[in-house]
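Down below is the structure, laid out as structure tokens.
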Amino acid sequence: MTTHAVDVAIVGAGTSGCYAAATIADAGYDVVIAERKDEEEAGHIACGDALKGASDFPSAIPKSQIEPAFTNTDVDHGRFEIPQLDTAVDIPVPGELAVIDRWEYGRRLIDGATDAGAEIHYNTVVKDVVQNGKVEGLEAVRKGDPVEYEADLVIDAAGALSILQDKVDFSDSTFDTNVTYSQFCSAYREIVTVDEPVDWSDALVFKPTERAAGYLWYFPRTETEINVGLGFQMTEEPMQLVEDLKEDLRERPEFEGATVDDKLGAALPTRRPYDSAVAPGYVAIGDAAGHVNPTTGGGIAGAAYAGQYAGEATIEALEHDDVSEQRLWEYNERVMDHFGARYAALDVYNIFTTATDVDDLMGLLAALPVKKLSEALYEGSTSVGPWLKLKTAAKSFGHWETIYDLYRTKSIADELLAHYEQYPSNPDQFDRWRSQRDDLMERVYDVTGADPKY
Ligand SMILES: Cc1cc2nc3c(=O)[nH]c(=O)nc-3n(C[C@H](O)[C@H](O)[C@H](O)COP(=O)(O)OP(=O)(O)OC[C@H]3O[C@@H](n4cnc5c(N)ncnc54)[C@H](O)[C@@H]3O)c2cc1C
């Protein structure tokens, strides 16, 4: 058995783990990332490769270091195909947007973490935690040999459905354990090379799957290299992801004779962020804490910021020799304040779409003002007044009932956003806050007719 004694042990060298490691190493602490993949494969992550908002990413890994992986910076809007109406709606995407070579980006993040002073232990599969009233380390296996990490604090950056959360005893903590697979999306993507440049290389193309709870995407890494994929919410009957993708590709003339260079699939959380992602000696970040925009599936930005906030909370905890929930709590607050509240409000629209007929939704999408849709998708809120303008109402004839349900859903989503903006500054007030939030969610299920998601 090999034993490593470190200040901080992080599980997973993805986006969140690398930003957390760089932040903590910058402050001079000993930090190790245990990564199950080998050095070559690390950073190879199933992803649509769309990156939003990188200009403001945490500075622990300089943007100049990751920028060479941005292969297409000409994308500036989403194109929503509506097959039912044989049309497409172009919706501007606010903020900086790029499609990236995800593997190259992943490697560059790992370089960023090591440049800051973090160590990466490859081929190291974490199996369990060491705990004694608080988490004190990890048990892992490296190439068949047992390895143990003794650490003041463990950061779980192991991605969606992290196995660590089956191991930690959360019974005396606020950590969110209301997590089930149906709150996740199952997704699959291929990297495809076509002969001729596509004429939509400035757009992220989306198309609904036949069931409302999923979509196909076509994201141009370059004019001839396209990330194509699809996903569905796991409340639904499983889709044949590979077959369904093939079928859609066959119908698109621009993909005739295309070659597939890479295939990967994974689960991603399309749910609200964890109510609390801390326990004594333990912090979860990124996908391991549900930090994904549940309407778009974009999780890279949330992972990067969560990594920074957890890193800074960890430094505070180490400086005070105190890894209690109380000391780590500010991390929860910063996540909710920056993006968590918005993602929780967006989750309400996700619940609405899973309970609404896809034809109705598509008719509505075609009828609504584009700017309002953009706000609703990315900001979690938009003013509803203009939706009721006569022009919209006339165009959307036949979908008025859905519009009314959406209007009622939206007003609860706004109340929810306001409630998340009051996220408690202390774990003592957490139970009360959560019970009020749960009351708001009951109203969401009432209005949408959806089965309770949580
Ligand atoms: C198909 C698909 C498409 C997506 N498209 C987009 C997109 O276009 N844009 C976007 O912003 N987001 C997208 N996402 C989401 C995005 O990829 C994630 O939100 C993001 O990668 C989360 O980063 P992370 O660091 O939390 O986890 P991950 O990137 O998943 O990293 C987790 C790391 O932990 C390691 N690990 C796991 N378990 C163990 C263990 N037991 N021991 C040791 N190591 C372990 C893994 O090998 C991995 O390296 C997509 C996700 C999927 C599945």
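Just so you know, all these numbers are worked out from the coordinates, no wet-lab data involved. Just so it is clear, the model here is predicted, and its values are computed rather than measured. FYI the Cβ positions are ideal-geometry reconstructions off the backbone, even for glycines, and counts take in every protein chain you see.
Each 10 Å bin from zero up to the one holding the largest Cα-Cα distance in segment 202-349 carries the following percent of pairs: 10, 32, 27, 18, 10, 2, 0. Full extension of the segment from residue 425 to residue 442, taken as 0.36 nm per residue of separation minus the current Cα-Cα distance, would add 3.7 nm. About its Cα centre, segment 1-71 has a charge dipole of approximately 200 debye under the convention of +1 per Lys or Arg Cβ and -1 per Asp or Glu Cβ, with nothing else charged. Roughly how many Å is it from the Cα centre of segment 213-275 to that of segment 1-75, as a whole number? If we compute the Cα centre of each part, the gap is 25 Å. Distance between the modelled labels on residue 246 and residue 435, one decimal in nanometres: 5.4 nm (7 Å Cα→Cβ projection). Among 225-234, 10-19, the peptide with the highest mean count of other Cβ atoms within 10 Å heads the list, and the full ranking is 10-19, 225-234. Compared with the dominant principal axis of the Cα atoms in the chain, helix 370-379 is inclined by about 20°. Any chance you could give the angle, 0 to 90 degrees and rounded to 10, that helix 241-250 forms with the longest Cα principal axis of the chain? Here the helix axis deviates by roughly 40 degrees.
Relative to the longest principal axis of the Cα atoms of the chain, the long axis of helix 325-335 makes an angle of roughly 30 degrees.
The alpha-carbon positions of segment 135-238 define a convex hull whose volume is 197 Å³ per residue.
Evaluate E = 1/(1 + (r/R0)^6) for residue 125 and residue 316, where r is the Cβ-Cβ distance and R0 equals 30 Å; express this FRET efficiency to the nearest 0.05. That gives a FRET efficiency of 0.50.
A Förster distance of 45 Å, applied to the separation of the beta-carbon atoms of residue 74 and residue 172, puts the FRET efficiency at 0.30.
Taking 0.36 nm per residue of separation and subtracting the Cα-Cα distance, full extension of the segment from residue 180 to residue 3 would add 60.4 nm. For the pair residue 38 and residue 55, label points projected 7 Å from Cα toward Cβ lie 4.1 nm apart. Run lengths n ≥ 4 of DSSP H only: what is the helix-derived mean residue ellipticity at 222 nm for the chain, with -39500 (n - 2.57) per run over all residues, to the nearest 500? Value at 222 nm, helices only: -10500 deg cm²/dmol. Computed from label points 7 Å out along Cα-Cβ, the spacing between residue 357 and residue 104 is 4.7 nm. Per residue, the Cα convex hull of the chain amounts to 132 Å³. Per-residue extension of 0.36 nm, minus the Cα-Cα distance of residue 87 and residue 63, leaves a gain of 4.9 nm for this segment.
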